1. Quick one: which of 308, 264 is β-branched (Val, Ile, Thr) and within 27 Å of residue 352 (Cα to Cα)?
2. Would you pick out the residues in segment 276-285 that are hydrophobic (A, V, I, L, M, F, W, C) and either under 11 Å from residue 255 (Cβ atoms) or open to solvent by less than 60 Å² (accessible area, probe 1.4 Å) (or both)?
3. Can you pull out the residues in segment 252-263 that are open to solvent by less than 30 Å² (accessible area, probe 1.4 Å) and part of a strand (DSSP E or B)?
4. What are the residues in segment 482-494 that are at pLDDT 95 or above, over 21 Å from residue 41 (Cβ atoms) and outside any strand (DSSP E or B), if any?
5. Pull up segment 401-416, narrow it to residues that are among the small types (Gly, Ala, Ser) and surrounded by fewer than 23 Cβ atoms within 10 Å (Cβ to Cβ), then point me to the one that is nearest to residue 51 (Cα to Cα).
6. Return the pairs, sorted by first residue and then second, in which the second residue is open to solvent by 90 Å² or more (accessible area, probe 1.4 Å), the first residue lies in segment 17-41 and is farther than 16 Å from residue 497 by Cα, the beta carbons are less than 9 Å apart, and the residues are 6+ apart or on different chains.
7. Here is a list: 305, 366, 352. Which entry is under 23 Å from residue 244 (Cβ atoms) and of a type in the set (Lys, Arg)?
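The values are calculated or read from the model by the stated rules, or taken from the named source; none is laboratory data. Quick caveat, the model's predicted, so the values are computed rather than measured. Cβ coordinates were reconstructed from backbone atoms using ideal geometry, including for glycine residues, and neighbour counts include every protein chain displayed. Side chains included, ligands, DNA and RNA excluded: accessible areas come from the protein's heavy atoms. Shrake-Rupley method; radii C 1.70, N 1.55, O 1.52, S 1.80 Å.
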Amino acid sequence: MNGMDEDGAGTSQAPSPPPPLEWKFSQVFGERTAGEEVQEVDIISAIEFDKSGDHLATGDRGGRVVLFERTDVRDYGHRRDLERLDNSAIRHPEFRYKTEFQSHEPEFDYLKSLEIEEKINKIRWCQAPNGALFLLSTNDKTIKYWKVQEKKVKRISEMNLDSSLTVSMPSSSTSSPSTYLPNGGCVERPHPSLSNDFSFPPGGFPSLRLPMVVASQETSLVARCRRVYAHAHDYHINSISTNSDGETFISADDLRVNLWNLEISNQSFNIVDVKPINMEDLTEVITSAEFHPTHCNMLAYSSSKGFIRLIDLRQSALCDSHSQLFEEREVPGSRSFFTEIIASISDIKFAKNGRHILSRDYMTLKLWDISMNSGPVATFQVHEFLRPKLCDLYENDSIFDKFECCLSGDGLRVATGSYSNLFRVFGCVAGSNEATTLEASKNPMRRQVQNPTRPARSLSSLTRVVRRGAENTGVDANGNNYDFSTKLLHLAWHPSENSIACAAANSLYMYYA
C-alpha cells in the first residue's frame, strides 16, 4: 500500500498500479417499470455479503430480510473446479432468490410514547457451525439472531377410514336399531353425529390405521429467531458488528457501545459511554462502530466530529480512553457553518487485512493507516461539485444523508454511493488514477465521466493524496442535473471478487468486472 519493502526501508520501487476495472451489469432484482411508484416499505435499507461471498442478505424498511444465494459456483461444483477452468469459460457471479422472512414488526414504546419502526438498519452474518445460515438483524431498538436452514417437509399419512372402503347397508330402522361405530363398537340407538348416507360394515373395520407423520424428499427453508437482544439501548442503534472470535458482537447507538455474547440475550456489557452528566454539554455522538477483522480485542468507532477512535478491550472494562485517535486537522481559515456537519462520519469499514480503515463523510472517502494517526493516507472526493450547494442541501436535509462505503477484498479499491443513483469506485494503490462513476442501472457506464488526466501523487512516502475524480459543475456528461431525491446509500463489495451489490430504492443491482 505504501510502496515500502519488507524491511520497511522504502528503497524498493512501488509496483505499477493495476489498470482501471471495466464494470459490467450482472443482475437486477426488483426492477421498477417506468412510472411505477415505489412503496416506502420496499426500499432497501441494508446489504451484506457473507464471508464466503456465496450468500447475500438485504433488509428493507418493511422489516423484511431477503436472502440470495450464488448459483454459478454450484453449477460447476467446488470452487477449485472453477479455478481449473479456462477463464473464458467462467461466468460472472450469478445469484438467485433463496428465501425471505419478516424480521421486525412495528412497535410502540408506551413509556416514552415513541413509535419504533420496523426498518432494518444493519445486517451482519455470523459464523455457521453447520449447514445452516446465521445472521443478526437490527432495527432502532431490537437486535435479533436468526437461523435459516433447510428442513425436510413432513406430511401426515392417510387413515384407512375412507368412504371407498365402506359398505352401504339397507336403511331399516325397525329391523336393525343397532349402529356400528368407527372403533368396531356398537350401540343400540342411532348415533346422532353420523350421516344417514354413511354406514359401517357389520363388525366394523378389522383394524384402524392411525395417522402418522412421514418425511418426504421435499425440503423447505425455515427461518427461526433464536435470540432477541432488547432493552439495552436508549437511543437508535446505528451499528452492529460481529467479532472474529465467533462468540460476541457489539451494538452501538448515539452515545453507547454494548458488548454481547451471542448465547446470552438478557445481559450486555457497556464498553463505551460518551453520555455527559449534563446533556447540554453533549458535543459529539457515535455514528458507526466495527470490530477489527482478526484481533478480537480491538474495535473502532467514529463520531459526528469526524474522529475515529481505536480501542483495546484489554485495557479496561469501560473503554473511556482510546489507544489511537484518527483525525484530519482543520485547514486554518476554512471553517464555515457546514464544517462540522459535513465532517460527520457516516460509516467506517476495516480492510480485510485489518491494517487500514475506510471512512465516509458527506463529501469524501478517507483511507487511514491504523499505525499512523497524523492524518488519512488518501482522500477521495466523491462529489466536490456540491460544495457550493451546501446551503440548499441543508434546507432540504440532504446534507444529513448517511452514505455507506466498502473496500474490495484485495484492498486495491474502495467504493461509495452518491446522488442520482450513482456510485464511485476509486483505486487506492500508489500511483493509481482510477476514479470511475457508475449508475445503478442496466447500463452502468452511460453516465461515465472521464477521469482526471493529472496523475495522483505516490503513497510510497505516506504523504496524503487527494483524488478528485471528475471535476464538474453539478451535471453529468450528458448534461443531466443530479437528482438529490434518488440516492445510493447502501452497497457491498464481494469479499473475494470484483463484484458490487448496490441498492437503488427497492431495486438490487449487481455488477462485476
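1. Exactly one of 308, 264 is β-branched (Val, Ile, Thr) and within 27 Å of residue 352 (Cα to Cα), namely 308.
2. 279, 282, 285
3. Across segment 252-263, the qualifying residues are 252, 257, 258, 260.
4. Once the filter is applied, which keeps residues that are at pLDDT 95 or above, over 21 Å from residue 41 (Cβ atoms) and outside any strand (DSSP E or B), segment 482-494 yields only 494.
5. 409
6. 28/442; 29/97; 31/442; 38/32
7. 352
Okay, residues lined up against (1) more than 24 Å from residue 402 (Cα to Cα); (2) in contact with a Pro (Cβ under 7 Å, 6 or more places away or on another chain); (3) outside any strand (DSSP E or B):
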{"site": "216", "(1), (2), (3)": "yes, no, no"}
{"site": "219", "(1), (2), (3)": "yes, no, no"}
{"site": "222", "(1), (2), (3)": "yes, no, no"}
{"site": "225", "(1), (2), (3)": "yes, no, no"}
{"site": "232", "(1), (2), (3)": "no, no, yes"}
{"site": "235", "(1), (2), (3)": "no, no, yes"}
{"site": "240", "(1), (2), (3)": "no, no, no"}
{"site": "246", "(1), (2), (3)": "yes, no, yes"}
{"site": "250", "(1), (2), (3)": "no, no, no"}
